[in-house]
Structures are given as C-alpha cells and as structure tokens.
1. Has segment 80-100 got any residue that is polar (S, T, N, Q), in contact with a Phe, Trp or Tyr (Cβ under 7 Å, 6 or more places away or on another chain) and modelled with pLDDT under 85?
2. So which residues in segment 237-272 are at negative phi, assigned to a loop (DSSP other than H, G, I, E, B), of a type outside the set (K, R) and modelled with pLDDT under 90?
3. Considering only segment 174-228, state which residues are among the basic types (K, R), at pLDDT 90 or above and within 23 Å of E268 (Cβ to Cβ).
4. Please work out if R106 is modelled with pLDDT of 80 or more and either exposed (fewer than 10 other Cβ atoms within 10 Å of the Cβ) or under 56 Å from the mean Cα position of the chain (by Cα) (or both).
5. If we scan segment 44-61, do we find a residue that is over 57 Å from the mean Cα position of the chain (by Cα) and either at pLDDT below 80 or surrounded by 10 or more Cβ atoms within 10 Å (Cβ to Cβ) (or both)?
6. Looking at (1) charged (D, E, K, R); (2) modelled with pLDDT under 85; (3) part of a loop (DSSP other than H, G, I, E, B), which is the only condition K171 fails?
7. Taking only segment 210-242 into account, find how many residues are under 23 Å from R252 (Cα atoms) and of a type in the set (D, E, K, R).
Amino acid sequence: MTGSPSLWATILPTVVFPAPGGPMSRMFLPPRAMVLVEIHDFGVEKGLRYMSKFRPTVVLEKKSTKDAMRTMGPAKVEVPSPDKYLKKHSKEPKLPEKTQSSKEVRHIYTARKPAVPVRTDNPPMVMHTKRDFIKTTTLVPMKPQPTFVDTKKGHKQRLENSGLVPKYIKKKDYGEVPEYLLQRSEEEQRAQEEYDNFVKEQKEQGAMKHLSDEERQAVVEGLKKSWDEVHHEYQGLSLVIDTLSKKAHKERLEVAMKQLENDINLFERPCG
C-alpha cells in the first residue's frame, strides 16, 4: 500500500518517541500492529498522619471518669438458684387437676324457683273495667291542619301561626306583666335598697364629729407650730428674687402660710 506520509498518518497508528539528541520523531507502523507500552503508575505518596502526643492521656482521662451503672446502680434482680435449672417440658402449659368426677351432676343456682301451677288452681281475680279497648286501639284518621295560601303560586302555611286567627288573646295571662319581669323588678328594687343603706352608712361614718376643747386646742397649737416653721423658711429667702425657681418657691410658701392662717382662724372662732 503506497501513499504520501500524511495519508499514512491518518490511517496507521503512530508511536511518538523522543529521538536521542533531537526533537520528537514519529514512526508509522503497518496495519494490525500491536505495540506494548509499559505504563508506570506514579502515585502520590501520602505522608504520615498527624497524631497528637496527648492522645493517650486524653483516652485515659476519659475512661477514668466513666463507670458502668454509675447513675442507677446495678439491677436489683433475683439471682437464679443453681438447683432451679431449666428442666425438660417445664415451659409446657399444664392442665388443672381434676377435683371431682365429671359424672356427678352440678347444680348451679341461687334460689329455688316456684312450682308450676296445677290445672285445678284458680287464677287471681282480674279487675274488670268498662273501657272499650277495641275503640281505643282503632286507628283514628289524622285530620288535616288548617292552612291558607299566601301566594299566587300556591304556597301554603299553617293558619294557626300566620297571625290571621286569634291565638294569644285567649290565654289566661294575656295583657298581664310576665312573671319574670316582676321578679327582675323586685331584684332591682332590693339591690337599690341595699345600695342606699350602704351609702347612708358610709356618710354616717365620714360625717363631722364634735371636738372637745382639749382636742381643738391641740389642733390649733399644731397649726401654729407649722406656721412658725413655714414663716422661718420664708424669712430665710434671699432679698433678690432673680430666678424662676426662687419666685415659685416664694409663692408656694406664701400660699401655705395663708392656708394655715385661715385654718387657725377657723378653729379659734367661738362656737355658737
């Protein structure tokens, strides 16, 4: 098979190898040629794994703090005895032992029943009545309820509930105050009386009481002592009132002194 080298390159397999002392050269192989190439696996070698020097110490400390059944303790169960080992057919169910023969007849009852009456016995006297049970048990045909038609399309409704016939005016309590309204009015009246009594008691407790001369004199002395304290503080104010706080403080003391003077005059006023 002939042809140019470029044509051979497209048809035949090629092997590229470095030429000694020169660039890469290419050699064309004939068809169906088998080339054995040794492939080397250059794997990356792993280094030694890091292992802490404190690992044995940590393992020992961890084991020293752990004990079996430390929280709840050992299980408190009955230890099996060596004499009571598992025997043959010990797990099979056993039938109860027979206490009496099955031929005997068992009587299970609580009380003796009365004897069957004899044919010659007379039945008890039956109360006779004049009621005709045939007529009472006969089915009475239902009568149709009175109705009326209120629309042109034939809609019907009962006449009793329509309001076209007198129904409520025939009652005995028609036009009277219902019983529940009377009870409610009585409860409201009773509650109002209790409230009025409570208000009266509170007013009597908070009413003014008559003071004796000794008590009145003690109150007047206390008011005068308070007035002297406020007046002493008022005299200690500065002559020049140049700030709003000083002005407000002065006005507050004047109002307090005026109120104390009015109270003193009220208690010193003669009664009569």
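The values are calculated or read from the model by the stated rules, or taken from the named source; none is laboratory data. Owing to the predicted nature of the structure, the values given are computational and were not obtained by experimental measurement. All Cβ positions, glycine included, derive from the backbone under ideal geometry; neighbour counts span all protein chains shown.
1. Scanning segment 80-100 turns up no residue that is polar (S, T, N, Q), in contact with a Phe, Trp or Tyr (Cβ under 7 Å, 6 or more places away or on another chain) and modelled with pLDDT under 85.
2. L237, S238, L239, V240, I241, D242, P270, C271
3. The answer is K224, K225.
4. Taking the combined requirement at face value, the residue does not satisfy it.
5. Taking every residue of segment 44-61 in turn, at least one turns out to be over 57 Å from the mean Cα position of the chain (by Cα) and either at pLDDT below 80 or surrounded by 10 or more Cβ atoms within 10 Å (Cβ to Cβ) (or both).
6. Going through (1) charged (D, E, K, R); (2) modelled with pLDDT under 85; (3) part of a loop (DSSP other than H, G, I, E, B) one by one, K171 breaks only (2).
7. Number satisfying all stated conditions: 7.
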